[in-house]
Amino acid sequence: MKLESKVGAFFIGSIVILGALILRTEKLELFGRSDERTFRTEFAQVAGLNVQGHIRIAGVKVGTVKEIGIEKGRAVVTFSVEKKFALTKGATASLSSIGILGEKYIELDPGQPTQETLPAGSAIPSKTGVSLDNLMETLGAIGTDVKGITYALNQSIGGENGRQKIDEIVDNIRQLTGEFRAMAQENHAAINNTMANVESITGELKDRLPKIAKQFEDLGKGLNEMVDQSKPEMKGLLTDVRKLAQGFQSTSENIRSITDKLNKGEGTIGKLLTDESTIQKVNAAVDNVNEMLGGLKNMDLRLDLNAASWTSRSDSMIGLGIEFAPRKDYWYSLAVNSSPDGKVSDSTRTVTRIDPITGLPTNTIEKVRTINAEQVMTLSAEFMKRIGDYFVVHAGIIDGKGGAGAEVRFLDDRLRFGGLAYDFGKRDDKPNPRYRLTSSYQFWKGLYIKAGMQDLANKEFRSFYVGGGIRWKDDDLKKLVGLASAGK
């Protein structure tokens, strides 16, 4: 079978397997379902909620998210609910998650069964859930403080100067302990005498403590008699305290009068606090600060850890990538890969053969070509741009060489097919650029499988590869590590 036929058969088989996995894991219906009704609701934000997300009533899945859009600055979610679960007037929807760090879903309150049933396509009012922004901000501030402390420690004791300081401290402690040891040896007799004196004093206290207790008892009786004799003076003191309390009451009434005037806008400070234009300026300033912080909050961060194996030779690769997404339609990608980069080397050898005619030995020089796989660390840095809903193009540095590529993505970017080309410089061992065909499918949460073909234009290195990996989105990173990153 020709190589082209093998490649075609491989990709047809991959597409059939991926299609079967999609139909099995996603439970897709080719012609829709007639036992569902569609509704819609609005939220201020739906960060973490994805298409195909769950719709639950009392924690039980009753439907799925069909579409997420934006209308007048608010997120509009269209979802379906099985017909056997009726929604009535008074039903509400709220954005929730499974635990604090679980996936996002929509929780429905179906309303009272005695109310009128809502028709399909109705708008369900939404309720605002609890936000973790304040917690993230506090944890971010703590992380900044810890970073400052570690930086200060590094500046103080890091490097050669820090090592010298620590050596000096250790030497000083060693010298101090030696001096204490010598002092203890020189004053051994004095210490023994001191301990004997302490024993003598404790013995005397044992005899005198009952007498001292008797004296305290007599002193208490005398104090009681003194209090009885001073009762008139105590009454006068209480009268003075009462007058002082009345003075405090008068002062509090004056303060209340002042606050009433401020509330009514009387006086300079009152006008400043109640003037509408001043309040509007303050609100505008707060909105500007919130808008600035919102830009940082909306930046997505994604990680990708993956591995693959080459089928034509016993090689493998491991990669770690990170994506910074200021907006949904473009982002930046950085990746570090440890992969086998094939290398061709030519050599000659002398072979001795027997001439069949003369029967004498003759020497023949033969060329020998060997292919070695060396594990190398490569860096990729690319700019990614989404065009429409399904196409993504990218360009930049790929495995340390300039290149570009394109992908087509389906099912909320979980199913991907693509190709890329890089390393256009001609060399003796690789006369042609390097082309790669890629495909992947994310079948459960962040886990995905991938397959493709490497070095299509270089016959010596052409190979299929299969592998898999895991992708983390911004919310997952905050759960695993991020509690240390600012979720603002």
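Derivation of every value follows stated rules applied to the coordinates shown; laboratory data play no part. Here the structure is a predicted model, which is why all the values come from computation and not from measurement. Note: ideal-geometry Cβ built from the backbone for every residue, glycine included; neighbour counts use all protein chains shown.
Classified by the C-alpha gyration tensor, the stretch 134-186 has an oblate form. Its axis ratio a/c, with a ≥ b ≥ c, is 1.5 or above, and a/b does not exceed b/c. Computed from phi, the 3J(HN,Hα) profile of the stretch 387-401 under the Karplus parametrisation 6.51, -1.76, 1.60 (θ = phi - 60°) reads 10, x, 8, 10, 10, 9, 10, 8, 7, x, 9, 10, 6, x, 10 Hz, with x in place of Gly and Pro.
Electrostatic tally near TRP331: other residues with Cβ closer than 9 Å to its Cβ, Lys and Arg +1, Asp and Glu -1, net +2. Within the shell of other residues whose beta carbon sits under 9 angstrom from the beta carbon of SER96, the net charge comes to +1, with Lys and Arg scored +1 and Asp and Glu -1.
Using the beta-carbon distance between PHE424 and ARG56 and R0 = 60 Å, what value does 1/(1 + (r/R0)^6) give for FRET efficiency, to the nearest 0.05?
Values: r = 52 Å, r/R0 = 0.87.
Approximately 0.70, to the nearest 0.05.
Take each of the peptides 413-421, 60-68, average the number of other beta-carbon atoms within 10 Å over its residues, and list them starting from the highest.
Order by mean packing, descending: 413-421, 60-68.
May I ask for the distance between the Cα centers of the stretch 172-206 and the stretch 389-458, given as a whole number of Å? That distance is 79 Å.
Rank the residues HIS54, HIS188, HIS394 as a footprinting-exposure proxy: fewest other Cβ atoms within 10 Å of their Cβ go first.
HIS188, HIS54, HIS394
Between amide H atoms placed 1.01 Å from N, distances below 5 Å from LEU118 occur with LEU87, THR88, LYS89, all of them 5 or more places distant or on a separate chain. Averaged over residues, the count of other Cβ atoms within 10 Å places the peptides 5-12, 199-206, 377-384 in the sequence 377-384, 5-12, 199-206, highest first. LYS450 sits among other residues whose Cβ lies under 15 Å from its own Cβ, and their net charge, with Lys and Arg +1 and Asp and Glu -1, is +2. So if R0 is 35 Å, what FRET efficiency would ILE212 and ASN187 give, r being the distance between their Cβ atoms, rounded to the nearest 0.05? That gives a FRET efficiency of 0.60. Using a simple spin-label model with pseudo-atoms 7 Å out from Cα toward Cβ, LYS72 and GLU225 lie 9.0 nm apart. Label positions at LYS243 and THR358, each projected 7 Å from the Cα along the C-beta direction, are separated by 14.2 nm.
Could you list ILE354, ILE318 so that the one with the fewest beta carbons within 10 Å of its beta carbon is first and the one with the most is last? Kindly include the intermediate steps, with their values, before the conclusion.
On the way: ILE354 10, ILE318 15.
Going from least to most buried by this count: ILE354, ILE318.
Along the stretch 163-178 the Karplus relation, 6.51 cos²θ - 1.76 cosθ + 1.60 evaluated at θ = phi - 60°, assigns HN-Hα couplings of 4, 5, 4, 4, 4, 5, 4, 4, 4, 5, 5, 4, 5, 5, 5, x Hz to successive residues, with x for each Gly and Pro.
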